[in-house]
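Notes follow once the structure below has been shown.
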Amino acid sequence: MKLALEAAKAAAARGEVPVGAALVGPDGTLLAVDGNRSLETNDPTAHAEINVIRRAALALGNYRLTGSSLYVTLEPCAMCAGALVTARIDRLFYGAADPKAGAVETLYRIASDPRLNHRAEVTGGIMAGEAASLLKEFFRARR
């Protein structure tokens, strides 16, 4: 989660919403770390989670990331939750809950929905204070 927080800080420095993610393989190998890049790339799908999933899949030559763990500073939205299910990520650890768009525990439970073909183990609240502080400071500075 510390690497994800560093990626979130780097995203904020680029003017992006400070969300960071890190993806770790089944053997503990770091597969990818990145932050939000939607403004930089003019891509609404360039969330931190999507960025690391894409990079890891390309590096491994496989869109299925079975056995991997995703660490993200903010509870994933519906798009990102759907992507982690599609990628077959086994474990999700996130920091701050997202009361407006959180789709793994707050508003929806996409990652653990038994109707889908894959479910991830979800653990929230990891370093939540640090993650929430980054977001609060970012938006306070923008107002």
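Given the -39500 (n - 2.57) contribution per DSSP H run of 4+ residues, what per-residue ellipticity at 222 nm results for the chain, rounded to the nearest 500 deg cm²/dmol? Intermediate results must be reported in sequence, preceding the final value.
Working: 5 runs with 53 residues, N = 143.
Roughly -11000 deg cm²/dmol at 222 nm, from the helical runs in the chain.
Mind checking the per residue accessible area of the chain for me, 1.4 Å probe, whole number of Å²?
Values: 7220 Å² over 143 residues.
Per residue, the chain has 50 Å² of solvent-accessible surface.
Using a 1.4 angstrom probe on the protein heavy atoms only, line up K136, K100 by accessible area, largest first.
Values: K136 125, K100 180 Å².
Correct descending sequence by accessible area is K100, K136.
Only Cα pairs under 8 Å and at least 6 apart count here; give the relative contact order of the chain as a rounded whole percent. Before the final figure, lay out the partial values.
Details: 341 pairs, mean separation 28.9, N = 143.
Taking the mean separation of contacting Cα pairs over the length of the chain, I get 20 percent.
For V72, V122, what's the largest-to-smallest order of accessible area, 1.4 Å probe?
Values: V72 0, V122 35 Å².
Order by accessible area, largest first: V122, V72.
Regarding the chain, what are the three Cα extents along the principal axes, ordered largest first, in Å?
Rounded to whole Å, the extents work out to 42, 31, 27 Å.
For the residue pair E40 and T106, what label-to-label distance in nm results when each label sits 7 Å from Cα along the Cα-to-beta-carbon direction?
Spacing of the two 7 Å Cα→Cβ label points: 2.4 nm.
Rounded to the nearest percent, how much of the accessible area of the chain (1.4 Å probe, protein heavy atoms only) is carbon and sulfur? Before the final figure, lay out each step's value.
Details: 4000 of 7220 Å².
Taking all protein chains in place, the chain shows 55 percent carbon and sulfur surface.
For segment 1-71, state the average projected area of the convex hull of the C-alpha atoms over all orientations, rounded to one decimal in nm². Before the final figure, lay out the partial values.
Numbers: hull surface 17.3 nm².
For segment 1-71, averaging the hull's shadow over all directions gives 4.3 nm².
When DSSP assigns beta bridges and you keep just the ones with both residues in segment 5-120, what percent turn out antiparallel, to the nearest 5?
Values: 9 of 14 bridges.
Here the antiparallel bridges make up roughly 65 percent for segment 5-120.
Using r as the Cβ-Cβ distance of R115 and N62, and R0 as 30 Å, what FRET efficiency do you calculate, to the nearest 0.05? Kindly include the intermediate steps, with their values, before the conclusion.
Working: r = 25 Å, r/R0 = 0.83.
It comes out at approximately 0.75.
The values are calculated or read from the model by the stated rules, or taken from the named source; none is laboratory data. Remember, it's a predicted structure, so these values are computed and weren't measured experimentally. Ideal geometry is used to build each Cβ from the backbone, glycine not excepted, and the neighbour counts take in all protein chains shown. Please note that ligands, DNA and RNA were not included when accessible areas were found on the heavy atoms of the full protein model with its side chains. Shrake-Rupley method; radii C 1.70, N 1.55, O 1.52, S 1.80 Å.
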